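For reference, the structure discussed in these notes is given below.
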Amino acid sequence: MTELLGIVLLAIAGLAGWFLGRRQPKSGTRAGVSPHLLPDPALEWLRRAHGAIGVWIAELDPGEEGPKAERILEPERLSVGQIVAVDRRLERARDQEQSGVERMEAGMLVFHAQGGAAVGLLLSGGFEGTTLPVVEDDLRRLLEGVRRRPEIIALTQAQAQEASLESVGSVGLRLAYQLERTLDAQVVVVALDTSGVRVIGVSGRGDRRLLDSFLPPESELARVAQGSADSFVSNGEPLGGVVADRRNRPGSVLLLPMKRDHHPVGAVAIWLTGGREPVGAARAELNEALANAAPRIYRALLADQQKRAATIDPLTGLHNRRGFDETFRLITAKHGTLVYADLDRFKNLNDTLGHPAGDAALVHFARIIREQVRGADVPGRIGGEEFAIWLPDTSLDLGARIAERIRLKLGTTAWDWRGRQWPLSASFGVAGCPETSSSLDNLPAQADSALYVAKRSGRNRVEKAGR
């Protein structure tokens with residue numbers, strides 16, 4: 001019987017994980033879905049094992065008003081009054097942490113209570129005293145499982161929250177490597193991003209240059225990811241030649257979609273070993289891996305979109321003030337140069353041509369900045385017509401030359417608004433660590449002061465901060 005209770009308790013934990021795992025977690029169990037429902041049918045198994053009339057659990061839930069009663073019983077053998085009588089007796093046992101055996105109108109009640117919870121078995125009148133130790137031992141084990149349920153639920157929720165913090169790239173890479181180990185094949189994983197179909201995972205046999213590249217919309221893998229094509233085996237180049245993959249060998253490629261609630265999330269490309277599709281246990285594991293990854297990719301994409309909305313300037317696509325400051329605070333480089341830039345006479349442009357023209361000028365300036373900085377540099381729009389550029393591991397002199405390059409490009413690139421030519425220029429302030437400060441924290445104030453000097457000195461110039 002002890003082994004039976006062990007199975008019952010494992011079933012309670014398993015049902016808890018299954019029940020919560022089926023739901024899309026956000027910040028905990030959805031209101032109205034009580035974890036107290038989870039043991040059924042485990043309690044029914046316990047009742048039948050002992051031939052009992054009913055099984056009771058009474059708990060105090062600090063998150064709700066009043067006690068919580070849970071029972072599995074044969075209603076035709078009990079009246080409403082008899083059920084209420086057992087409820088009240090177990091509540092009293094719970095509150096006073098009593099354990100024992102008590103004869104009641106409906107039968108013999110064996111109960112055990114501890115730590116704000118009580119459990120009981122209502123046995124028929126033909127109960128044999130020789131089985132009492134076994135019943136009491138089973139109730140203690142049941143009570144231990146009941147008291148541990150909050151821990152099970154908290155762990156499940158913590159795992160769900162941790163999963164929601166996964167990045168798109170981490171999910172994609174894990175899936176790619178998992179499938180490579182399972183199928184002994186090269187794997188590429190893509191996700192349906194707001195900007196298109198993006199490569200988020202490449203297995204060890206693939207070319208890592210593919211990561212974060214966007215597939216041509218007409219490519220075979222992109223069409224499967226978008227839901228415009230079903231799964232099929234390709235004998236061509238399913239990625240559309242987005243990168244000349246040096247490791248890619250010609251052959252049959254299995255293309256499979258990933259969906260969440262029947263909506264496309266992404267797809268995988270699997271280079272088939274010997275041209276044979278996986279079958280049996282390998283195919284089952286493949287399907288399970290895709291079903292598990294799809295909601296995780298969806299949550300990660302959603303989190304990326306929310307973060308992007310909070311930290312990206314919608315007009316220029318550069319970091320906004322918050323995004324730039326967050327990036328600057330996460331600096332790992334010990335040295336670097338900070339550039340502040342400001343479009344000259346921007347108010348005059350707005351007043352003369354209108355605000356739509358001003359927005360177009362900002363977009364034009366942002367495009368030039370992106371073209372002139374390097375991959376590791378961080379540009380941002382931190383105010384109306386104010387921009388900032390963080391140049392990690394860059395000397396003050398090199399930072400000033402980059403600022404000068406941007407200034408010249410802006411001044412020599414023709415810009416017009418609806419056929420009307422308008423000259424654009426900008427002023428720049430540059431500060432560097434360690435040249436102008438021994439601390440990176442001082443660079444924003446120094447760059448701002450240098451920008452002020454550039455404005456006061458005639459605009460359309462680059463000024464370095466002084467010590």
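Rounded to the nearest 0.05, what FRET efficiency is calculated for Asp359 and His335 with R0 set to 51 Å and r the Cβ-Cβ distance?
Here the calculated transfer efficiency is 0.90.
Once you place label points 7 Å from the Cα toward the Cβ at Met104 and Arg205, how far apart are they in nm?
So the label points at Met104 and Arg205 sit 6.4 nm apart.
May I ask for the percentage of alpha-carbon pairs in the stretch 321-464 that lie more than 17 Å from each other?
Summing the P(r) of the stretch 321-464 above 17 Å gives 57 percent of all pairs.
Show me the ranking of peptides 280-287, 209-216 by mean Cβ neighbours inside 10 Å, starting with the highest.
Averaged packing, sorted descending, gives the order 209-216, 280-287.
Please identify which residues in the stretch 252-280 have an amide N closer than 18 Å to a label point set 7 Å out from the Cα of Ser228, following the Cα→Cβ vector.
Correct set: 255-258, 263-268.
Can you pull the one-decimal nm distance between simple spin-label points at Thr194 and Ala291, each 7 Å off the Cα toward Cβ?
With each label point 7 Å from Cα toward Cβ, the separation is 3.2 nm.
Mind giving me the FRET efficiency for Arg181 and Arg374? R0 is 41 Å, r the Cβ-Cβ distance, nearest 0.05 is fine.
Computed FRET efficiency for Arg181 and Arg374 comes out at 0.65.
Determine the gain in length on full extension of the stretch Glu218-Val80; use 0.36 nm per residue of separation and subtract their C-alpha separation, reporting nm with one decimal.
My answer for the length gained is 42.9 nm.
Straight-line reach only, C-alpha to C-alpha below 16 angstrom: list the aspartates and glutamates that Lys464 could link to, leaving out same-chain residues fewer than 8 apart.
Partners found: Asp342, Asp397, Glu404, Glu435, Asp448.
By counting other Cβ atoms within 10 Å of each Cβ, how are Arg456, Arg198, Arg308, Arg461 ranked from fewest to most?
Arg456, Arg308, Arg461, Arg198
Can you tell me what the convex hull of the Cα atoms of the stretch 397-464 projects to on average, as an area in nm²?
Directional mean of the projected Cα hull area for the stretch 397-464 stands at 5.1 nm².
R0 = 25 Å: FRET efficiency of Arg140 with Ala284, Cβ-based, nearest 0.05?
With a Förster radius of 25 Å, E is 0.05.
Provide the gained length on full extension for the span Glu44 to Arg367, in nm with one decimal, where the gain is 0.36 nm per separating residue minus the Cα-Cα distance.
Result for the pair: 109.5 nm of gain on full extension.
Can you give the translational diffusion coefficient of the stretch 377-427 in µm²/s, computed by Stokes-Einstein from the Kirkwood radius over Cα pairs at 25 °C and 0.890 mPa s?
Calculated translational D: 194 µm²/s.
What does the charge dipole of the stretch 205-347 about its Cα centre add up to, to the nearest 20 debye, if the Cβ of each Lys and Arg holds +1 and the Cβ of each Asp and Glu holds -1?
The dipole magnitude comes to about 420 debye.
Order of Val279, Val430 from fewest to most other C-beta atoms within 10 Å?
Going from least to most buried by this count: Val279, Val430.
How much net charge surrounds His335 when only other residues with a Cβ under 12 Å from its Cβ are counted (Lys, Arg +1; Asp, Glu -1)?
In short, -1.
Cross-link partners among lysines for Lys334, C-alpha distance below 18 Å, same-chain residues fewer than 8 apart left out?
Leaving aside lysines fewer than 8 places away in the same chain, none come within reach of Lys334.
Ranked by Cβ crowding within 10 angstrom, fewest neighbours first, how are Glu180, Glu144 ordered?
Result, fewest neighbours first: Glu144, Glu180.
We did not get these values from a lab; they are worked out from the coordinates using the rules stated. Remember, it's a predicted structure, so these values are computed and weren't measured experimentally. With ideal geometry, Cβ positions are generated from the backbone for all residues, glycine too; neighbour counts draw on all protein chains shown.
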